[in-house]
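The structure appears right after this line, and notes come after that.
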Amino acid sequence: GGFVLMIVFLLFVLWFRRSSPKELSVDKVPELLSSQIEVLNNGIFERALSANSNINTSILSQIPYRSSLTLFYDPPDGHFEPTVMGVFVRCNDHSALIYYDSSGENPTLQSSYVTYQSPYIVLNTLFKGSRERTLSIVAVAQDSLTGVLYRSQQYNLNYKVEGAARPFAYGFLIPGVESGGYFVKFVIENVASARATTTGQEFANFFSKNGIGTYNGQVHPLKLDVLDPDLVGFEGGFPVNVSSNYYGILIPYHNGVSFSGKVVRVNLQNMSDNATCLQHYRMESYDANHKLVVSGHAHSPVPSADKACVFVLDLATIHPQAVGFRRGFIRYPYGYLSAGEHDVLVRLDLVNFGIASTRIIAASSMDSSFGGYSGGFADGSWACFCPYKTFTGPVGGLRSSLPADTNHLRPYYNPVMLCVNSTVWDLARSDVTPSLLGSQAYALDFSIVDITLRGYSDAVRSGRYAFLSPLASADHVYTSKLIRIDLGDVDIGSKIAQTYAAGGSIRDMVDVLDLAMIDNRLRGFSGLFTSGNYLFLVPFRNAYEPRNGQRGHGVLTRLDMNEFSTKGVDYSDVTVATRQQVPSFQDLNLRGFSAGFASGKYGLLVPFFNGNFHGKVGRFQTMDPVKNLNASVQELDLTIDSIHRDTYKGYRGGFVSIWQGVVF
C-alpha cells in the first residue's frame, strides 16, 4: 500500500509541475533559454526545452519551425571580404534572439546570439586557418499568447574572409593634384627585417630614416600624366573584379587648371610593368556629332577594352557638366560617380566598360538645387548620393547661374541626400523631371532633424544601416554629428515610402550620435570604413588654425555598430602613439588623412595634408580589443623612397586589392 501511495504522490507532483502556469516575459527569454526549463503559459504546455533535453542539442532538433519567423542577412551567401567581416542579421520579430555558430556545427541554445538592437556578427579568419568560413544562423522567438518557443529556418552561409594575414595584399592610393600624377600600389605587409612584433609584419624599412621609409620594391608607381596631362587630380576611387581581371577606378575632380571628367580604369595587376601598361592605353570620347572616337598610345596599336591596362573615358563629351566629381561607390555590376562641383550623376557599367554603356542623370532637371555630393552608397536598386557642399548666390540662390551672381557665389554646405532608382538611368534626358520625386527619386533633408546636419564627407552601407561621416557644416566649422539611417528590411526606397505612407518623416529613419559629447576633438572626419562590427572615422581637421598651417588632427575614432551610443565609441590620437616600430618615438605629423580602408587585420589611413602635403600612411589593427587604438600603430612614409624621394604625397583616397591570396 505504501508503495502505491508513493507512486500516486510522484505522479501528482509530475502532473502539478506540468500543469502549473508560469509567467514568461520576453525580456527573460535569454536567461531562460540558457537553462533547462519548461515553458508554461496560460496552462498550455509546450516542450521547448524539457528537463530531459540537452541544451547542447541543436535548436533544429528541439524547437518547432514557423514560416512566419523570417531572417534577413547581409552580405549574401558566397561573399568575399578582404578584412574581418561584419555579418548583419535581422529578424522580422524584433524580440527574437538570433543564435549563430561559425565552427561548422548547428547552433544550440548555448551558442552566442545577436538581437535586433545589436545585429552584427563578427566573422574573422582563424589563426593559420582557411579563409573559407561557414556561418549558421537561426532565430528563436516566443509566442506572446501561449509562451511557445518557435524558430525560423536555419541558414548555413558560406563566406570567404581574409581577416588575418594577407601576404599578397596591396594598397592603392588615388593621386591628387599634388601627387605628380603617380597612382601608387604598395605592399601592406613585409617580412619583419628588424624584429618580431606583436602587431604583425613590419610596415616600413627599419634601415631607412627613422625606420619609416619604404623597402626596395614596396612601392609600384604608375605615372598617368605621361599619357595625358589631364590625368591628375582625382578624388576617390574603388576596386572591382571583372572575370579574371582586377581593376581600379579613379574618379576625376580637378587637374590643377579646371574641373576634369576623365575617369580612369587601371589594371591593378599589370600596372607594375610600367612600360607595357602605358603602351596598352585606350581612350574613348565623343566628337561634336556624338560619334565615338577611340585613341591610344602614339607608338602602339589601340588595345581592345579587355586588353587595356589604362582605359580612359572622357565624360565631358557626354555632357559638359560631367566633370568635377567627388568620390563614388559600387554595387556590382555598376559604379557610381557623385556630382561634386556640378549636378551630373554618372553610372559606369563595370563589366562592359566604355563610353557607350555609361549613363548620366542631370539631377538639376528634377530640382535646380540638386548637386554638391561626395560619395554615397547603393541599396538594392537605389543609388544614394551623400550631401557635402555646393554653392549659392545672393540673387539666384542655390546653384545659381545668373550673371548677377557670378562674382558673389559662396559655399553652401548641403543637407539633402538624393536617392535615385535604377529605372531613372535609362530615361531620356527630357523625361528626367520633377515628377520623378516621391516615386523614382527621393530627397532626404537632414536639416529637418537638425539644422547642422550637413556637409558630410562620405557614406557607407553596412547591412540595413547607412552611416554618414561628419566633416563641416559651414566654412571652418567642423562637425561631430554622425548619422545612421535605417534602410528597412527591403531597400531604402521601400523604407521611405512606408515611412511617409504611415504619416512619418525622415526623423523616423535617422539616428544621430554627437561624438563631441565624448571629446570635443571628435569632429572633422574625411571618410569612414568598416571592419567586423566596427565603423572607423578617418581624422582630417577639427579646428580652424591658420597660425599652425591648418595641420589637421589625428584622433582616430571607432564605433561598435552594435552599440550606437557614446558607450560604443573609443578613440586614440595617433600623433602621440608610441609606434610599434624601431625606433618607436611619436610622430606629431601623423595627421590630416583623406580616407581610409581595411585589409586583413589592418586599417590603413591615406596621407593628405598636415600643414604640408605628406605621404605618411598610418596602419593599425582594427579588431584590437584594447581601448587604446595606439597599441598597434605603425607608419610608412612614402616620401622616404630611395628612387622617388619626396614624391608620393597628397593622396585623395585609396582602396585595397580584392583578389584572394594563397590558400592558408
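The values are calculated or read from the model by the stated rules, or taken from the named source; none is laboratory data. Remember, predicted model here, so these are calculated numbers, not experimental data. Here the Cβ positions follow ideal geometry from the backbone for every residue, glycine too, while neighbour counts run over all protein chains shown. These accessible areas exclude ligands, DNA and RNA; they are computed on the full protein's heavy atoms, side chains included. Shrake-Rupley method; radii C 1.70, N 1.55, O 1.52, S 1.80 Å.
Placing dummy labels 7 Å off each Cα toward the beta-carbon, the span from Ala298 to Asn520 is 5.8 nm.
Taking a ≥ b ≥ c as the square roots of the eigenvalues of the Cα gyration tensor, an a/c ratio of 1.5 or more together with a/b no larger than b/c marks region 540-664 as oblate. Less than 5 angstrom separates the built amide H of Ala595 from those of Val606, all sequence-distant by 5 or more or on a different chain.
For region 398-475, rounded, prolate or oblate, judged on the Cα gyration tensor with a ≥ b ≥ c (square roots of eigenvalues), a/c < 1.5 rounded, else prolate if a/b > b/c?
Values: a/c = 2.27, a/b = 1.06, b/c = 2.14.
Cα axes put region 398-475 in the oblate bin.
Restricting attention to the chain, close to 95% of DSSP beta bridges with both partner residues there are antiparallel. Remark: region 275-282, residue by residue, has Karplus-estimated 3J(HN,Hα) of 4, 5, 4, 5, 6, 8, 10, 9 Hz, where x stands for each Gly or Pro and the curve is 6.51 cos²θ - 1.76 cosθ + 1.60 at θ = phi - 60°. Contact order, relative form, for the chain: 11 percent (alpha carbon pairs under 8 Å, 6 or more residues apart, mean separation divided by residue count). The helix-based estimate of mean residue ellipticity at 222 nm for the chain, built from -39,500 (n - 2.57) per DSSP H run of four or more residues and divided by its residue count, is -2000 deg cm²/dmol to the nearest 500.
Sequentially through region 416-433, phi angles give Karplus couplings (6.51, -1.76, 1.60; θ = phi - 60°) of 10, 8, 9, 10, 10, 7, 4, 5, 6, 4, 9, 6, 5, 4, 5, 8, 8, 10 Hz, Gly and Pro residues having no value and appearing as x. The listed residues Tyr334, Tyr651 rank as Tyr334, Tyr651 when sorted by accessible area, largest first, using a 1.4 Å probe. Label region 199-297 by shape, choosing from rounded, prolate and oblate, from the square roots a ≥ b ≥ c of the eigenvalues of the Cα gyration tensor; if a/c is under 1.5 it is rounded, and otherwise prolate applies when a/b is larger than b/c, oblate when it is not. In terms of gyration-tensor shape, prolate.
Under 5 Å from the amide H of Tyr246 lie the amide H atoms of Leu268, Gln269, each residue being 5 or more positions distant or on a separate chain, with H modelled from the backbone and absent for Pro and chain starts. In percent, rounded to a whole number, the relative contact order of region 498-540 is 24, using alpha-carbon pairs under 8 Å and six or more apart. Relative contact order of region 468-551, taken over Cα pairs closer than 8 Å and 6 or more residues apart, is 31 percent.
Normalising the Debye intensity of region 295-352 to I(0), with uniform scatterers on Cα atoms only, and taking log10 at q = 0.16, 0.22 Å⁻¹ returns -0.62, -0.95.
Of the whole protein surface, Ser243 contributes about 110 Å² of accessible area at a 1.4 Å probe radius. Annotation: cysteines of the chain without a disulfide-compatible partner (Cβ-Cβ under 4.7 angstrom) are Cys91, Cys386.
Using the Kirkwood radius over Cα pairs, work out the Stokes-Einstein diffusion coefficient for region 270-322 at 25 °C and 0.890 mPa s, in µm²/s as a whole number.
Working: Rh = 11.8 Å.
Stokes-Einstein gives a translational diffusion coefficient of 208 µm²/s.
Near Thr83, the amide H atoms lying under 5 Å from its own belong to Glu162, Gly600; only residues 5 or more places off or on other chains count, and H is placed 1.01 Å from N. Whole-Hz Karplus values for region 468-484 come out as 10, 8, x, 10, 8, 9, 6, 4, 6, 10, 8, 9, 10, 9, 6, 9, 10 Hz, taken residue by residue from phi with 6.51 cos²θ - 1.76 cosθ + 1.60 and θ = phi - 60°; glycine and proline positions read x. Reported to the nearest whole Å, the Cα centre-to-centre distance from region 200-235 to region 59-116 is 42. Of all DSSP bridge pairs formed entirely within region 381-461, close to 95 percent run antiparallel.
Measuring how big region 80-231 is from its alpha-carbon positions, Rg and Dmax come out at 23.2, 74 Å. A 1.4 Å probe run over the protein chains yields, for the chain, 40 Å² of accessible area per residue, whole-number rounding.
Dividing the alpha-carbon radius of gyration of region 254-405 by 2.2 N^0.38 Å (N being the number of residues), what value is obtained? Cα-based Rg divided by the globular estimate yields 1.15.
Counting only protein heavy atoms and a probe of 1.4 Å, the accessible surface of the chain is 52% carbon and sulfur.
For region 239-294, treating each Cα as an identical point scatterer without solvent, what Debye log10 I(q)/I(0) comes out at q = 0.14 1/Å? Each listed q maps to, in turn, -0.53. What the Cα convex hull of the chain gives, in volume per residue, is 179 Å³.
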